[in-house]
1. Which order do VAL46, VAL98, VAL36, VAL26 fall in if you start with the one that has the fewest other Cβ atoms within 10 Å?
2. Given a Förster radius of 30 Å and the C-beta distance between MET11 and LEU40 as r, what FRET efficiency does 1/(1 + (r/R0)^6) yield to the nearest 0.05?
3. Can you sort HIS106, HIS60 by how many other beta carbons sit within 10 Å, fewest first?
4. Order by neighbour count: PHE130, PHE63, PHE29, fewest other Cβ atoms within 10 Å first, most last.
Amino acid sequence: MIEISGRKGLMIYFNENNPDYLLDDVSLFGMSDKEVKEALKKPFIVTETFRIYIDYQGKHYEFDLPKGYTWNGANVPPFAWLIIGQKESPRFKLASCVHDYMCEHHEVVGNDRYLSTLIFETLCEHFGRFNDIKRWAMFHSVDNFQKVFGIDLNKKKWGE
């Protein structure tokens, strides 16, 4: 089991020593043109189920990232690629996978949007080795994007 500590007392545990190895690119081999077009919308895949445990402010959450889950990488806008990196960068892979899953299944973190962003930042630090300035920029970009566009994990559907 691997243990990662973040800001504000956040603790993240994985049941795998390196969950990054359980993430891969979707294989396009043998797909029709239509299937390839769909696969490229979410080009990354979880190859084996792994469990995540989170302790934050006296609350405990745990959930599985299931085998076969696909996601699109980090949504870094093109103007920020030179500063932060491109969305397909391996440095984002685990953080974007976990964050996207939490955004699609917000109940796994008690509908806490701030916590999901804090987890993203912590995983970027530990697995992506991003420096403090880049992590600060990513944290506030993700947090403010969700605020501005009305993405609120406390609502049942996005934008309600």
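Laboratory data are not the source of any read-out in this text; all were calculated from the coordinates shown. Predicted model, so just to flag it, every value in this text is computed and none were measured. FYI the Cβ positions are ideal-geometry reconstructions off the backbone, even for glycines, and counts take in every protein chain you see.
1. Lowest count first: VAL36, VAL26, VAL46, VAL98.
2. Values: r = 35 Å, r/R0 = 1.18.
Once rounded, the FRET efficiency stands at 0.25.
3. Working: HIS106 21, HIS60 10.
The most exposed by this proxy come first: HIS60, HIS106.
4. On the way: PHE130 21, PHE63 16, PHE29 6.
Taking fewest neighbouring Cβ atoms as first place, the list is PHE29, PHE63, PHE130.
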